[in-house]
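These notes are about the structure you will find just below.
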Amino acid sequence: MGDSRAYPLFRSASAADTLTLARRLCSLMEKRDPVVELTAELRTAEDVWRMAGVLPKAVYNAQGVPFDPYQWTHEYRADTLPRDSYGLVTLLPFRVDVEAPVDDGLEDLFIQALGGGPASIYWDGSWPDVPDLDLEAYAKYEAVEVVFNSLDLDGELPADEHTVFVHLSKFGDLPRAEWLARQVGAEVLGEPVPGR
C-alpha cells in the first residue's frame, strides 16, 4: 500500500447503490483491466457457505488458527472446507482474496454473499485526459475501489456503511478527484489516504 492516494467520493448504507456508483466511475476509465479483485473477511460459517457458492474455485485462508511452522498457511478450496459448521467455526474468520474476470453478475453475487466483515472490490485502470482542466492521464495507480462494512481501505474502521474510493497518482490529484465526483453526481468526502 502507499503508491496511490485514494479519495472517498460516496458513502451509503446500501451495498447495491455503492456498487452502482462504482460502476459508473469505472465507465469513465479510458482503459480498465479485464479482472477485478474481490476480497472479504468471512466471520461466520454462514458467510463462508454463501461465499463458497459464489466463488467455488477461490482459496479460503483460515485466520482463526495458531501459526503452524510446518504448514505456513491454512488454505482451503471450497470443496475441501470442513462440511460441518463446528469444523468451520474453529477456523474462523476466513479471508478470501481472488482475481476474477470482470463480470457484473459476479460482483452482484459477491455483495449479496457478504456478511458483516470488511470486504472490497477493486477495478484497476486509467483515467482519461481532461484537457479543459489540464489533467493528463497518469496511467499508474489509478483505480476504483468499493470498501464494504468499513470507513477505511484497510477495513479497520467498522461501519454499517460502504464507501467508494478513487485511486489516483501517488502525488494526489484533488482536481481529478473533484472532476470524477462531478461526473457521477458525488463529491469528495475527505482527505486522501494512502492507497496501493
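The values are calculated or read from the model by the stated rules, or taken from the named source; none is laboratory data. As the structure is a prediction and not an experimental result, all values here were calculated from the model. With ideal geometry, Cβ positions are generated from the backbone for all residues, glycine too; neighbour counts draw on all protein chains shown. Ligands, DNA and RNA are stripped out before the accessible areas are found, and what is left, the full protein with its side chains, is counted by its heavy atoms. Shrake-Rupley method; radii C 1.70, N 1.55, O 1.52, S 1.80 Å.
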Pairs under 6 Å by beta carbon, first residue more than 19 Å from GLY105 (Cα to Cα) and modelled with pLDDT of 95 or more in segment 36-50, partner assigned to a strand (DSSP E or B) and open to solvent by 40 Å² or more (accessible area, probe 1.4 Å), six or more apart or different chains? GLU41/ARG95
Do we have GLU37 as out of contact with any helix residue (DSSP H, G or I) (no Cβ under 6 Å at 6 or more places or on another chain), in a strand (DSSP E or B) and under 23 Å from HIS162 (Cα atoms) here? yes
Quick one: would you say VAL65 is within 28 Å of TRP179 (Cβ to Cβ) and not in a helix (DSSP H, G or I)? no
